[in-house]
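Worksheet: the structure to be examined is printed underneath.
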Amino acid sequence: MAGSGVGLWRRLFVISSFVGFAWYLFNRKTFSVFIPNLIQELQWREENIGATTSAFVVGFTLSQIAFSTLPDRISLRWVYCLCLLGSSMMNIILGLFHHSLVSFASLWLVNGFFQGFGWPAIVRMTALWFSPSHRGRILGVAGVGGNLAGMCAPAFFQALAVSVGGWRSVFIAVGVSGLAISLLLVIITRASPNEVLDESDESFNIGSGKSAGKQARVSLQIVLANSLLWIVSLSHLVVNFAKMVMCDWASIYLMYDKKWEQHKGVYGIDRWVGSNAPLLQLY
């Protein structure tokens, strides 16, 4: 009976990671998609776009530091769901009110802070729910959800802007839908098998589909001394530089230097290419 119940919650977690990470990406892509609109309507310059983009990165970085201690004080389920809710609220506020550059960048920094908790929470919960042999496939499912959102966002947001009345309405619509999704995730997500099992089932082990025990903690000194992690981190730095160029600056270059039209959806190029990696993880 315990195994059957855990199996159901595992399947729900897979759905949660796919849908949740997709909406994290939707709440992140609103700014990138509408950069040309901000330039035209708010008279922003490239320096303003750069400042706002950097603010998001600062918030994202701060959240990575906070994540190292936060899960010890609050359930990963609540971290995952509440941060999606917070990110959605930032989009709603940005859409509802007119903002100066400082206030817009500040709110986008807060959005970056909430966004930074999404993927680490998924990774940590996946480790609690699944054995090492299955984790890559589950993370691949979540990655596909995020990349699908990134691919669809440009065309979807532009069509929505035309039908509902501008970029501000899209910010609000994405935020409101994010609020609804975050509430759904609260219902269908559990951080680990321990949250759904009775005390009598404590012997359940992850590796065989049974309940999670306490995991050994790794000291910071061991982490910093791991040369492989440094190589992965530097590789991730290069990848993110390239992704930032494609997501946030390629559209401006193609529109203003090469005279492309905005509806061609150049914002999704990186996601079309990047979607191959999560798909390979599924196998």
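The values are calculated or read from the model by the stated rules, or taken from the named source; none is laboratory data. Since the structure is predicted, the reported quantities are computational estimates derived from the model, not experimental observations. Methodologically, a virtual Cβ is constructed for each residue, glycine included, from the backbone with ideal geometry; neighbour enumeration extends over all protein chains shown. Surface areas here come from the heavy atoms of the whole protein model, side chains and all, with no ligands, DNA or RNA. Shrake-Rupley method; radii C 1.70, N 1.55, O 1.52, S 1.80 Å.
Things worth noting here:
- For segment 56-177: rounded, prolate or oblate by the Cα gyration tensor [a/c cutoff 1.5]: oblate
- If you sort 67, 114 by accessible surface, 1.4 Å probe, largest first, the order is 114, 67.
- Shape call, segment 102-168: gyration tensor on alpha carbons, a/c limit 1.5: oblate
- Inter-centroid distance (Cα atoms) of segment 85-110 relative to segment 149-166, Å: 19
- Note on segment 20-151: with charges restricted to the Cβ of Lys and Arg (+1) and Asp and Glu (-1), its dipole about the Cα centre is near 500 debye.
- Global form of segment 19-65, assessed from the alpha-carbon gyration tensor, a/c cut-off 1.5: oblate
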